[in-house]
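Written out below as structure tokens is the structure these notes cover.
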Amino acid sequence: MRPDILNPLFAETATLDGVGPKLQKPLDKLGLTRVKDVAYHLPERFVTRRPVENLDAASEGEQIVIALTPTEHRAPRSGRGPYRVLAQDAVGNVCALTYFGRASYTAKKQLPVGEKRWVAGRLDRYGDMLQIVHPDHVSEEGDNALGQLCEPVYALSEGLTQPKVASLVEQALARLPELPEWIEPGQFARQKWPAWADALKLAHKDEHAAARERLAYDELLANSLALMLVRADNRRRRGQPLQGDGALRAKLQLPFPLTGAQKRSTAEIEGDLAQEAPMLRLLQGDVGAGKTVVALEAMLIAVEAGRQAALLAPTEILARQHFETLRAMARPTGVEIALLTGRDKGRARESILMGLMDGSIDIVVGTHAIFQESVAYRDLALVVIDEQHRFGVAQRLQLAGKGRRTPHILAMTATPIPRTLTLAQYGEMDVSRLDEMPPGRQAIDTRVVAQERLQDVAEAVGRHIAGGQQAYWVCPMVREHESEDIAAAEARYATLRERFGDTVVLVHGQLKPELKDAAMERFARGEAKLLVATTVIEVGVDVPAATLMVIEQAERFGLAQLHQLRGRVGRGSEKSTCLLLRADALSETGRERLALMRETQDGFRLAEEDLRLRGGGELLGTRQSGDTPFRVATLDQIQRLLPLAHDDARLLMERDGGLEGERGTAARVLLYLFERDWGVQLLRGG
Ligand code: ADP
Ligand code: MG
């Protein structure tokens, strides 16, 4: 149960003054559903405005405060277009105050013709007229409302204004309870951080570094603690120790010796499986590093021990591919492997379900369908999860119920993330790293090409497929809606198809699974020569004869993502090429990032560099959603503060009595505040 002291923070945003049904949608869009979300809606930046006597004293692009007198209201002529209020400064210069959408109602009320108002906002030019779009403030007095020169700027959504958000924030901050201190006293004193409530208030007032640090630290600490609780919980659970006799593994006739890294990882896994506490291990290895064989070895151990294993893939395509690969590799062992996806219906499905229940199927490969309610196992002892990052801790905990005892878990990821982020993301797991590529991998010739040379690129693709080889063409996910990305990919597909005929296929996330698989299969069989795709091919797909990859708008991708995409080629014996198409105008960092892609193929190095490049250039409060589990902490803060938070969490768990005692109680509050409450729940489940 959430501690009562947090109740005011978890009250709905609708309980704040001035939040009616109309504001609900824009607030939801920003994720501001509860008071706490509003309090944690930290400014993206701060502006300092300059009060000016008249427009001659201001320059375009500048944030100003100025006295203006409205002279005329101009409604848009057609239904669309902005609402403009023309206004004069003290010496007769004209400026337009421009409003889009519903904001015009505000304008009508706030700017009566002939009455002087103080207006704050950014001065721009529109054609030959000066304008301020959506002034941040309009006030009858210059001094009290606008005298505050340093102001927060919040992320907005359609229907919200800065003053509106500021007023909600103010109300949210007024409701902050006094929370007990959860930071270790020594740490707290050393860092000279403000207390929690003060930190939140300060962080909204100006660029208060210590306040921001503290808030980030809280989030990191909550995360570390929660992961540690999962770890501790896992250690207490009873799994089934699995001892294989090696009989099946000896029958595998691999056409290659395992790399040192593969041997080491396999041994680590074998060691874990032999324990009673269930394994919780992450196998981290670049695309092509050879994770599948390691997974197979692990699953064979389970089968040797007379139990079952399951491999969970993120998509149907990947499930199918894993199934084919594993079946081929495992054929000499005689082990029974089945494929189960959401598409299996009727008799086929029934017979697989029977096989899982009576144990005649040893290994099942599939999508989430393999863990549906209706699927029962005779004795599931090991679950391998491919591409762990799409599978959260909470989901994984549900899995625990599937075996007779808690199954061992091996998670695999091809995203070579830096060590600090590994700790943040997977801190509850032990990690095996495949940091050595199988021998004989050829370097991929990577080139950066300007987008304007698209015609040349298309010709090169033409020559490539005329010569009998295959190619990928990747269209980026960059627009606001997935449908726009798909539209862009479809348009590209149409032009390429016009040129190359029906040897071109298209794959994207909204395609029906049958169509997607059919397209993939045509490509995998070599009937289709060019695969146009959005980033759905990012993970796993293996077509060794594809030796050319074109990536449009490469500068829009993260390095790790580019690296993963590129890993689709260079899988066969032929030399491969990757063409990174870039926009004409590139930032310095953009240039540096693409240069790195040319320079190295080491995924772990790219991940570290990516973090460095982004961390350094990161603006206050901006972050790439999705690549860290954090809302407050920036990449830079994660790197600096996470190791501290991790140690702090460990001290609490190991020295200071866990979640009992005074600090422990405070730590519980922290976990609930950051909604890592599954951490606490595990404790009680104990
Ligand atoms: P990952 O899943 O890590 O991206 P895969 O398991 O698909 O990589 O392996 C990539 C390719 O490398 C496969 O064709 C596989 O057969 C091959 N391979 C794996 N291990 C070795 C090895 N030790 N030596 C040579 N080739 C290997
Ligand atoms: Mg793989």
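Key figures for this structure:
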{"item": "Carbon/sulfur fraction of accessible area - the chain, other protein chains in place, 1.4 Å, %", "result": "49 percent"}
{"item": "Selection from Val474, Trp678, Thr547 lying farthest towards where the dipole of the chain points positive, charges on Cβ", "result": "Thr547"}
{"item": "Whole-Å semi-axes of the ellipsoid equivalent to the chain (Cα gyration tensor, √5λ, descending)", "result": "50, 35, 22"}
{"item": "Residue-wise HN-Hα coupling along segment 56-73, computed from phi with Karplus coefficients 6.51, -1.76, 1.60 (Hz; x: Gly, Pro)", "result": "4, 8, 10, 10, 4, x, 8, 8, 10, 10, 8, 8, 9, 10, x, 10, 6, 9"}
{"item": "Low-density loop positions, trypsin sites (Lys or Arg not before Pro), segment 1-88 - DSSP coil, at most 13 other Cβ in 10 Å", "result": "Arg77, Arg80"}
{"item": "Estimated dipole of the chain in Debye, rounded to 20 [Cβ of Lys and Arg +1, of Asp and Glu -1, Cα centre]", "result": "1280 debye"}
{"item": "Cβ-defined net charge surrounding Leu671, 10 Å radius [Lys, Arg +1; Asp, Glu -1]", "result": "+1"}
{"item": "Selection of GluC sites (Glu not before Pro), segment 3-96, meeting DSSP coil and at most 15 other Cβ within 10 Å", "result": "Glu44, Glu53, Glu60, Glu62"}
{"item": "Surrounding net charge for Tyr126, when Lys and Arg each add one and Asp and Glu each subtract one, Cβ distance under 13 Å", "result": "+1"}
{"item": "Dipole magnitude (debye, nearest 20) for segment 205-336, charges at Cβ of Lys, Arg, Asp, Glu", "result": "320 debye"}
{"item": "Sparse-neighbourhood loop sites, GluC sites (Glu not before Pro) in segment 430-505 - DSSP loop, at most 10 other Cβ within 10 angstrom", "result": "Glu480"}
{"item": "Relative contact order of the chain, defined on C-alpha pairs under 8 angstrom at six or more residues apart (%)", "result": "14 percent"}
{"item": "Rounded tilt (10° steps) of 588-599 against the dominant C-alpha axis of the chain", "result": "10 degrees"}
{"item": "Segment 404-548, dipole about Cα centre (Lys/Arg Cβ +1, Asp/Glu Cβ -1), debye to the nearest 20", "result": "300 debye"}
{"item": "Segment 247-434 - percent relative contact order, Cα under 8 Å, separation 6 or more", "result": "34 percent"}
{"item": "Charge context of Thr577, other residues only, Cβ under 9 angstrom, K/R +1, D/E -1", "result": "+1"}
{"item": "For segment 118-128, Karplus couplings with θ = phi - 60° (6.51, -1.76, 1.60), whole Hz, Gly/Pro x", "result": "8, 10, 10, x, 9, 7, 10, 10, 10, x, 9"}
{"item": "Proximal lysines relative to Lys516, as straight alpha-carbon distance under 24 Å, when same-chain residues fewer than 8 apart are discounted", "result": "Lys345, Lys529"}
{"item": "Cα lying deepest toward the dipole's positive end in segment 445-600, options Gly570, Leu496, Leu594, charges on Cβ", "result": "Gly570"}
{"item": "Acute angle (nearest 10 degrees) that the helix 346-358 long axis makes with the longest principal axis of the chain, alpha-carbon atoms", "result": "70 degrees"}
{"item": "Segment 420-524 - percent relative contact order, Cα under 8 Å, separation 6 or more", "result": "12 percent"}
{"item": "Amide H contacts of Leu283 (H built 1.01 Å from N, under 5 Å, at least 5 apart or other chain)", "result": "Ala411, Met412, Thr413, Ser432"}
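The values are calculated or read from the model by the stated rules, or taken from the named source; none is laboratory data. If you're wondering where the values come from, they're calculated on a predicted model, not measured in any experiment. Counting neighbours? That spans all protein chains shown, and the Cβs are built from the backbone with ideal geometry, glycine included. Protein only, heavy atoms only, side chains kept; ligands, DNA and RNA dropped before computing areas. Shrake-Rupley method; radii C 1.70, N 1.55, O 1.52, S 1.80 Å.
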